[in-house]
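Read through the structure below, which is laid out as structure tokens, and then see the notes.
The values are calculated or read from the model by the stated rules, or taken from the named source; none is laboratory data. The model shown is predicted, which means the values in this text are computed figures rather than measured ones. Cβ: placed from backbone, ideal geometry, glycine included. Neighbour counts: every protein chain shown. Areas reflect the complete protein model, heavy atoms only, side chains present, ligands, DNA and RNA absent. Shrake-Rupley method; radii C 1.70, N 1.55, O 1.52, S 1.80 Å.
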Amino acid sequence: MNKKILASVIVLIVIIVLALSVGKKTEDDGIFKIGYIGPETGPSAVLGMDAIPAIQIAVEEVNKKGGINGKPVELIVEDDQYLTKNTINAYNKLVNIDKVDALLVATYGGVFSIKDQAEKDDIIVIDPLDCNDELAASSENIFCLATETESIGTSIAEYMIKNGQTNAAVMYSTKDSFMNLVSKAFEDKFVAEGGKIVATEAFNFEDNDFRTHLLKVKETNPAGLVILGHDEQGLIMKQAREIGIKSPFYTTGTITSPVAQKSAAGYAEGTYFAYWDAGSDNKLATEFNTKFVKKVGRPAILPLTTHPAYDTMQVLFKVFEGINGDVTSNKIAKGLLDIKNLEGTTGTISFEKDGGARIKESIFKLVNGAPVKVN
């Protein structure tokens, strides 16, 4: 073999080796990289705007202590505007270019859109915003540490039945399968407890006029109107009152969003909604709240977005600390499943065998624009 041929073979081998190494995470980076994908902008921005500072607080704390096993932690954030197509693009960047060790993904439909690729790429994905049976069982690479989706619907159903409201109309967003899942949980529990669903309307979250749906609801004269959406639910409430619907509103914790309340034009006041708050008896949560206010300048809008995100990072740090050698999805998955009775800002954290660590929501009422827990 002459020198030119030998040189060509060597170059070809180098190219092949480099190609095979693309997307592979190695221990030689000398740093733990964690990616976050969620909405910072758009109509669902409230879901990510406070989660990101919460995660940043966790990263700053661990790095101040010298990192994990001497290795610093880097956070890389991608805004997907809660749109699945953007989640996929953000995933490809974080995994193939940034080469993250693990991912936090807060966009519900986005988690499902990347689950198969995450298995191929040997990447663990944790949802710090939503947790339910469908999500946890979707893949061995998918985990969740968040409020339980089903409890949004069941808590509303139980409260309505308890207060003698035995018929209800439901409106839910088709942005992804999340609100449909909440709607089903509500309807199943409500009917099982003796209630009757008098109307069900699915709506496009991008619409600005919901009166066609609302006029159908008005004809049924429901004892309660359950609105399951994001910031657009404020506009739905405004239009409902404008056409004469007097039924009390029941909804999700997103109604605490300033954007949703602004679009409601005052009609959101008195709304009942499923929500989670750590409570004053959790010392870790109280300490975190102080840190959050110091960093952001105000309390969290939705604690169900901040505290689980912060705890998810603490769990990952603990798992990384116990990993020897290369970081792989199998090692992270085993470490997560081994987490039992870990105290966090959300309470006692234990991962179930399906990969979920669930937090129950309960009923609150919007009073002067703020959540107040009801019995």
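Taking every residue in segment 78-101 that is over 18 Å from A51 (Cα atoms) and touching a residue at least 60 places away in the same chain (Cβ under 8 Å) and pairing it with any residue that is open to solvent by less than 60 Å² (accessible area, probe 1.4 Å) and among the basic types (K, R), at least 6 positions away or on another chain, the pairs with Cβ-Cβ distances below 8 Å are D98/K33; K99/K25; K99/K33; V100/K25; V100/K33; D101/K25; D101/K33. Given (1) closer than 26 Å to F186 by Cβ; (2) over 19 Å from the mean Cα position of the chain (by Cα); (3) not aromatic (F, W, Y), where does A278 come up short, assuming only one miss? Condition not satisfied by A278: (2). Applying the criterion of at least 2 residues that are open to solvent by 40 Å² or more (accessible area, probe 1.4 Å) and not aromatic (F, W, Y) to the strands (runs of 3 or more DSSP E) found wholly in segment 129-248 leaves 196-203. Considering only residues in segment 341-375 that are part of a loop (DSSP other than H, G, I, E, B) and open to solvent by less than 30 Å² (accessible area, probe 1.4 Å), the one that is nearest to A285 (Cα to Cα) turns out to be T345. The set of residues in segment 137-165 that are small (G, A, S) and over 13 Å from the mean Cα position of the chain (by Cα) comprises A137, S138, S139, S151, G153, S155, A157, G164.
To keep it simple, each residue is scored yes or no on (1) in a helix (DSSP H, G or I); (2) at pLDDT 95 or above; (3) under 18 Å from the mean Cα position of the chain (by Cα).
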| residue | (1), (2), (3) |
| --- | --- |
| P308 | yes, yes, yes |
| V319 | yes, yes, no |
| D326 | no, no, no |
| A333 | yes, yes, no |
| I339 | no, yes, no |
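Scanning segment 86-111 for residues that are modelled with pLDDT of 95 or more and either of a type in the set (D, E, K, R) or open to solvent by 10 Å² or more (accessible area, probe 1.4 Å) (or both) gives N86, I88, N89, N92, K93, N96, I97, D98, K99, D101.
Total residues in segment 114-128 satisfying the condition of being assigned to a helix (DSSP H, G or I) and open to solvent by 50 Å² or more (accessible area, probe 1.4 Å): the figure is 4.
Cβ-Cβ contacts under 6 Å between residues 6 or more apart (or on different chains), taken from a first residue in segment 351-367 that is at positive phi to a second residue that is modelled with pLDDT under 95 and open to solvent by less than 10 Å² (accessible area, probe 1.4 Å), are listed as G355/A136.
Look at segment 266-279: where a residue is touching a residue at least 40 places away in the same chain (Cβ under 8 Å) and a partner is among the small types (G, A, S), sitting 6+ places away or on another chain with Cβ atoms under 6 Å, you get A268/G234; F273/G253; A274/S155; Y275/G253; A278/A285. Within segment 255-306, the set of residues being of a type in the set (V, I, T), surrounded by fewer than 24 Cβ atoms within 10 Å (Cβ to Cβ) and over 30 Å from I243 (Cβ atoms) comprises T286, T290, V293, V296.
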